[in-house]
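See structure below.
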Amino acid sequence: MYRKRFDAMDCSIARALDEVGEWWTLLIVRECTQGSRRFDEFQSGLGIARNVLTARLERLIELDILERFPIAERANTFGYRLTAKGTDLYPVLVALMQWGDKWLAPNGKPRITLVEDASGSPVEAVEVRAPSGQALTYKDVRFAPGPGANRKTQVVIDERNDRVLGDPGDES
């Protein structure tokens, strides 16, 4: 089956989805955050086919999200761990988990809660915040050119901001 590529799209979300948008990818990253290191641990934790897991692990290494390392106590055996790029996906996983807990948990009751290891206190919700600390929604922000912006990017930003700021239909 053909899968559309987004790498040429002038959008960081689209480019990120090109790398981590396939569902097994984030589940493998999740398994890494929960201590899985070996192929058999990923396979048993996810119930994923060996060929699919092999392909996903190789792709994650190629993308520098995972790295392969030798397991000292097992000759000719390798483990997998997150790189800095992979570790930076953790807030994405937490945000997805919290969204799923809010909107999809059976009977509205999540089965797992994230707590800070040192205190045992529940972690706060992942939010977009202003420099003042105030929580923001998409209605409170606008697009602005970044350091890599070109003229085309500026035009797109202007069009989107005009569309969002000029939308009288969304009064909520």
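Matching residues to (1) surrounded by 13 or more Cβ atoms within 10 Å (Cβ to Cβ); (2) closer than 20 Å to LEU26 by Cβ; (3) assigned by TED's automatic domain parsing to the domain that holds ILE28:
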residue	(1), (2), (3)
TYR80	yes, yes, yes
MET97	yes, yes, no
ASP101	yes, yes, no
ILE112	no, yes, no
VAL115	no, no, no
ALA135	no, no, no
ALA149	yes, no, no
LYS152	no, no, no
ASN161	yes, no, no
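The conditions are (1) closer than 30 Å to GLU124 by Cβ; (2) in contact with a helix residue (DSSP H, G or I) (Cβ under 7 Å, 6 or more places away or on another chain); (3) among the basic types (Lys, Arg), and ARG37 fails exactly one of them. Which is it? The single condition ARG37 does not satisfy is (2). Within the range 134-155, residues that are within 13 Å of SER12 (Cβ to Cβ) have Cβ atoms under 8 Å from residues that are part of a loop (DSSP other than H, G, I, E, B) and charged (D, E, K, R) in these pairs: THR153/ASP10, counting only partners at least 6 apart in sequence or on another chain. When the residues of the range 40-51 are filtered to those that are out of contact with any Leu (no Cβ under 7 Å at 6 or more places or on another chain) and surrounded by 15 or more Cβ atoms within 10 Å (Cβ to Cβ), the one that is farthest from THR83 (Cα to Cα) is ILE48. When VAL20 is tested against (1) among the β-branched types (Val, Ile, Thr); (2) modelled with pLDDT of 95 or more; (3) surrounded by 14 or more Cβ atoms within 10 Å (Cβ to Cβ), exactly one condition is not met: (2).
The values are calculated or read from the model by the stated rules, or taken from the named source; none is laboratory data. The model shown is predicted, which means the values in this text are computed figures rather than measured ones. Cβ atoms come from the backbone with ideal geometry, glycine included; neighbour counts cover every protein chain shown.
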